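What follows is a short report on a single structure.
The values are calculated or read from the model by the stated rules, or taken from the named source; none is laboratory data. Bear in mind that the values here come from a model prediction, so they are computed numbers and not experimental data. Note: ideal-geometry Cβ built from the backbone for every residue, glycine included; neighbour counts use all protein chains shown. Only protein heavy atoms, including side chains, enter the accessible area calculation; ligands, DNA and RNA are left aside. Shrake-Rupley method; radii C 1.70, N 1.55, O 1.52, S 1.80 Å.
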Amino acid sequence: MDALSLMKHTALALMQGQTRAAADPHRPLWHLAPSVGLLNDPNGFIQHNGVYHLFYQWNPLACDHGRKCWGHWQSRDLLHWQHQPVALLPDACYDSHGCYSGSAVATDGKIMLVYTGNVKFPDGSRTAYQCLAQEDERGEYRKLGPVLPLPDGYSGHVRDPKVWRHEQSWYMVLGARDLQDRGKVLLLRSADLRQWTLLGEIAGAHLNGLGDFGYMWECPDLFRLAGCEVLICCPQGLAAQPERYLNVYQAGYFVGELDYPAARFSHGDFHELDAGFEFYAPQTTLAEDGRRLLVGWMGVPEQDEQLQPTTRYGWLHTMTCLRELTLRDGRLYQQPVAELQQLRGDLTRWQGAADDAPPLALGSAELWLTPHGPFRAGFGDAMQLTWDGERLTLTRTNLRSGAAEHRYWRGDLRELQLLFDRSSVEIFINRGAAVMSSRYFPAAPPDLRLHGAAPLALQYWPLRPCMLE
């Protein structure tokens, strides 16, 4: 489908589908979601001249992973977002099967997009090009074409460039799958964003003390925080363990030190970024006020996506809330950005035995819980959270099998912050030491129901809508 035809069909999909999507009772009130069709990875997250830009993988024509474009939103306050013209369409020979994920940088007063052009061949093989597009005077993006072909020694799965400036050079990390089906992260350098030199592999399976550790590492993001380098990545192919690596694919991070001249990244253990059911492909940016901000996709590839009931209304998936990252004692902490507090309505406080707590509406709400013993919290008829004194368990019904499925966290539980938005919950444990992000689909607007004899204290705010314009 050429660009003109794709734009015509996109316009038709929007005209026919927006009213239906807006009528979905599971449609979020303040999370970012596609107008129609499928949304997945956040791309090109950047603040430039006081304006935040968030691009995203988008198929406007269906709730599947075909025809990947780059949609585009912008905001001045991380609360009120506005649609912008579609930034990238898969209309060139070097991105004919999708404008895949990437990042954005500002140079010469303009935003430059760096993305993967995906090309598939009739025999089932594929290749990938790393490509540039440049902002023009109208705020649209003009493709400049490929700047890096597929490197020797790697399969056609090389993608998701994240680019940053260090001293006098540009650097890029790329997710890769080598010819032995081992996931890697590649480091490259450029003086001008156009000519790139591959410096080597800085992380991956059979590197830095790791053994087998997945066949493909997607969506790498490397940044400096609190005197260390943090590498976020999404290894595919990790074997599930009893209480971790339970999603189809994982998202996590390493903390270490990058030796730029030697192209060597010395790092510690891999830690999952999120212990919930849906979290993948996060991307960060350095805000102009010095905060390191993160947004993720509240979904996981190939994990019962097509069974989510929103597909009946013609849309699929949301982003997470915007989060601020800090690094303490070698571990990442995530907390909702402070701007979200502006959505709060009137505060309700309560304390006593969990069994005596009043029901509270959870359609769009923020809840703080301080427990002093075991409890169980029901979120309508679709999800429950249980603390037994040692383990936190999040439970819901699997959309495919109908059986109960669980996600876990262990530790010393002191405090919980929960953000609800119709069909999602994000649970921040001990002020962001861990997070559990998940979708759920209650049959009716959910209420909070607490159970247990132990005392607890709660604070509750309804959250106002923050509509996309």
Taking the conditions exactly as written (more than 27 Å from the chain's Cα centre (by Cα) and in contact (Cβ under 8 Å) with a residue 12 or more places away in the chain), does residue 155 satisfy them or not? no
When you look at residue 297, is it open to solvent by 20 Å² or more (accessible area, probe 1.4 Å), of a type in the set (Phe, Trp, Tyr) and modelled with pLDDT of 95 or more, yes or no? no
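With the requirement that a residue be of a type outside the set (S, T, N, Q) and over 21 Å from residue 245 (Cβ atoms), what does region 384-412 give you?
Answer for region 384-412, where residues must be of a type outside the set (S, T, N, Q) and over 21 Å from residue 245 (Cβ atoms): 387, 388, 389, 402, 412.
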Those residues of region 106-134 which are among the aromatic types (Phe, Trp, Tyr) and either open to solvent by less than 50 Å² (accessible area, probe 1.4 Å) or within 22 Å of residue 282 (Cα to Cα) (or both) amount to 115, 129
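Which of the following residues is modelled with pLDDT under 95 and open to solvent by 10 Å² or more (accessible area, probe 1.4 Å): 381, 412? Show your work before the answer.
Working: 412 fails: modelled with pLDDT under 95.
The match here is 381.
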Scope region 409-451; condition in contact with a strand residue (DSSP E or B) (Cβ under 6 Å, 6 or more places away or on another chain) and of a type in the set (Phe, Trp, Tyr); matching residues: 409, 420, 428, 440
Scope region 418-447; condition open to solvent by 20 Å² or more (accessible area, probe 1.4 Å) and either among the aliphatic types (A, V, I, L, M) or assigned to a strand (DSSP E or B) (or both); matching residues: 433, 443, 444, 447
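Every residue, every condition in (1) under 29 Å from residue 219 (Cα atoms); (2) surrounded by 13 or more Cβ atoms within 10 Å (Cβ to Cβ); (3) of a type in the set (Lys, Arg), yes or no:
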{"residue": "3", "(1), (2), (3)": "yes, no, no"}
{"residue": "10", "(1), (2), (3)": "yes, yes, no"}
{"residue": "15", "(1), (2), (3)": "no, no, no"}
{"residue": "24", "(1), (2), (3)": "no, yes, no"}
{"residue": "28", "(1), (2), (3)": "yes, yes, no"}
{"residue": "36", "(1), (2), (3)": "yes, yes, no"}
{"residue": "60", "(1), (2), (3)": "yes, yes, no"}
{"residue": "67", "(1), (2), (3)": "yes, yes, yes"}
Members of region 385-403 found to be in a strand (DSSP E or B), among the charged types (D, E, K, R) and surrounded by fewer than 17 Cβ atoms within 10 Å (Cβ to Cβ), listed by number: 391
Suppose we keep only residues that are assigned to a loop (DSSP other than H, G, I, E, B) and of a type in the set (Gly, Ala, Ser) within region 279-295. Which one would you say is farthest from residue 56 (Cα to Cα)? 290
Give the number of residues within region 240-273 that are open to solvent by less than 10 Å² (accessible area, probe 1.4 Å) and within 21 Å of the chain's Cα centre (by Cα). 6
May I ask you to list the residues in region 153-191 that are charged (D, E, K, R) and within 18 Å of residue 261 (Cα to Cα)? 165, 167, 189
Assuming residue 314 fulfils every condition listed in (1) in contact with a helix residue (DSSP H, G or I) (Cβ under 7 Å, 6 or more places away or on another chain); (2) open to solvent by less than 10 Å² (accessible area, probe 1.4 Å) apart from one, which condition is it? (2)
Residues of region 337-362 satisfying the condition of being among the aliphatic types (A, V, I, L, M) and either touching a strand residue (DSSP E or B) at 6+ places or on another chain (Cβ under 7 Å) or open to solvent by less than 20 Å² (accessible area, probe 1.4 Å) (or both): 337, 343, 347, 353, 354, 357, 360, 361, 362
Select from region 79-105 the residues that are open to solvent by less than 50 Å² (accessible area, probe 1.4 Å), in contact with an Asp or Glu (Cβ under 9 Å, 6 or more places away or on another chain) and over 18 Å from residue 39 (Cβ atoms) and list them in ascending order. 79
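If I go through region 199-216 residue by residue, how many of them are of a type in the set (A, V, I, L, M, F, W, C) and part of a loop (DSSP other than H, G, I, E, B)?
The total comes to 4.
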Considering only residues that are out of contact with any Phe, Trp or Tyr (no Cβ under 6 Å at 6 or more places or on another chain) and either assigned to a strand (DSSP E or B) or of a type outside the set (A, V, I, L, M, F, W, C) (or both), which ones fall in region 217-233? 217, 218, 219, 220, 221, 222, 223, 224, 225, 227, 228, 229
Given region 12-118, what strands (runs of 3 or more DSSP E) lie entirely inside it while holding 3 or more residues that are among the aromatic types (Phe, Trp, Tyr) and closer than 20 Å to residue 130 by Cα? 51-59
Of the residues that make up region 47-54, is at least one under 12 Å from the mean Cα position of the chain (by Cα) and outside the structural domain of residue 362 (by the TED database)? yes
Can you pull out the strands (runs of 3 or more DSSP E) entirely within region 135-198 that have at least 1 residues that are acidic (Asp, Glu), modelled with pLDDT of 95 or more and surrounded by fewer than 22 Cβ atoms within 10 Å (Cβ to Cβ)? 169-178
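Residues of region 194-236 being of a type in the set (D, E, K, R) and more than 12 Å from residue 162 (Cβ to Cβ), which ones?
194, 201, 212, 224, 229
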